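First the structure, in the form of structure tokens, and then the observations on it.
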Amino acid sequence: MSDYTDPVLLEALTECKPLLAEGISEYQLIKQLQAPPWLLFTGIELSEPLAMFQCHFALFNALYRLSEEWRQAGVGELDIHTLAIRLKPVTQSKAALTGHDGLKAYYLNWDNFTDTNSNDVNALLDDFWQRMAGQTLPASDVTAARSTLELESDLPLEPALVKKQYRKLLQQHHPDKGGSTAKAQAISQAYRVLCKVMD
């Protein structure tokens, strides 16, 4: 099993300990790491699936390594999820007692980083959305998606029209054209939601 954990990333995360103690989302943490003095993950197009996966993997690999180091030193351990990463007191969890944590094992195996290509990431995303398609969407999600894509609530959802509006807005808000990554991702998510409704 090969491995490479960026020592600068580990140092930056150690400096971010107060933020981790408060709790922070993965997105907010990446933004923090992109800012001075660290300037990590700069120039990465997070709307590109493979780049997003690699950034996510590198961060989670470092977080799991740091969590283990801090747990052994009695500092605490990290509760690691995309929506909330939080430093907590050391506990004797079932996973710690049995020695097996599937996600931890995945992210600590650097081969999963080097062996994953664009097709693999797209397959993971397709699988996720197919599983999501089996769930009924709340009306509020559809309303929010319409709003994000600037589609009137009384306008019929025609695939060609929705796709055209999606492409138009993505072109306007693409980070390469001075737009926001968060806005571009919200537009893509809204399009996925409406595609599920139209299926």
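Before rounding to the nearest 500, sum -39500 (n - 2.57) across all DSSP H runs of length at least 4 in the chain and divide by the residue total; then give [θ] at 222 nm in deg cm²/dmol.
Calculated mean residue ellipticity at 222 nm is -19000 deg cm²/dmol.
Show me, for the stretch 35-46, the HN-Hα J-couplings you get by feeding each phi into the Karplus relation (A = 6.51, B = -1.76, C = 1.60, θ = phi - 60°), rounded to Hz, glycine and proline as x.
Residue by residue, the stretch 35-46 yields 7, x, x, 7, 6, 8, 6, 7, x, 8, 8, 5 Hz.
Suppose we flag GluC sites (Glu not before Pro) only when DSSP calls them loop and at most 11 other Cβ atoms lie within 10 Å. Which is the longest uninterrupted stretch of the chain?
On the way: sites that count: GLU150, GLU152.
Within the chain, the longest run free of exposed GluC sites (Glu not before Pro) spans 1-149.
7 Å from Cα along Cα→Cβ at both GLU68 and ASN117: what's the point-to-point distance in nm?
2.9
Under 19 Å between alpha carbons, and skipping anything fewer than 8 positions from LYS177 in its own chain: which aspartates and glutamates qualify?
Cα-Cα hits under 19 Å: GLU45, GLU48.
May I ask for the angle, rounded to the nearest 10°, between helix 118-133 and the longest principal axis of the chain, with both axes built from Cα atoms and the value confined to 0 to 90°?
Tilt relative to the chain: about 70 degrees.
Accessible area of the chain with a 1.4 Å probe: how many percent of it is carbon plus sulfur?
C and S fraction of accessible area: 53 percent.
Across the stretch 26-32, in residue order, what do the Karplus-derived ³J(HN,Hα) couplings come to in whole Hz, using 6.51 cos²θ - 1.76 cosθ + 1.60 with θ = phi - 60° and x for Gly and Pro?
4, 4, 5, 5, 4, 4, 4
For THR5 and GLU152, calculate 0.36 nm times their separation in residues minus their Cα-Cα distance, and state this gained length in nm to one decimal.
Length difference between fully extended and current span is 48.2 nm.
In terms of Cα to Cα distance under 18 Å, which lysines are near enough to LYS164, apart from those fewer than 8 places away along the same chain?
Result set, ordered by chain and number: LYS183, LYS196.
Please report, in cubic angstrom per residue, the volume enclosed by the convex hull of the alpha-carbon atoms of the stretch 1-126.
So the per-residue Cα hull volume is 117 Å³.
Excluding same-chain residues fewer than 8 positions from LYS163, which aspartates and glutamates have a Cα within less than 13 Å of its Cα?
Result set, ordered by chain and number: GLU150.
Hand me the chymotrypsin sites (Phe, Trp or Tyr not before Pro) from the stretch 1-72 located in a DSSP loop with no more than 12 other Cβ atoms within 10 Å, in residue order please.
TYR4
Could you work out the local net charge near VAL75, counting Lys and Arg as +1, Asp and Glu as -1, over the other residues with Cβ closer than 10 Å to its Cβ?
0
With every protein chain left in place, what is the accessible area per residue of the chain in square angstrom, probe 1.4 Å?
Result: 59 Å² of accessible area for each residue.
Which cross-chain or sequence-distant (5 or more) residues have an amide H under 5 Å from the amide H of GLU77, H modelled 1.01 Å from N in plane?
LYS88, VAL90
The values are calculated or read from the model by the stated rules, or taken from the named source; none is laboratory data. Note that this is a predicted model, so its numbers are computed, not measured. So basically every Cβ, Gly included, is an ideal-geometry build from the backbone, and we count neighbours across all protein chains shown. We work out accessible area using only protein heavy atoms, side chains counted, and drop any ligands, DNA or RNA first. Shrake-Rupley method; radii C 1.70, N 1.55, O 1.52, S 1.80 Å.
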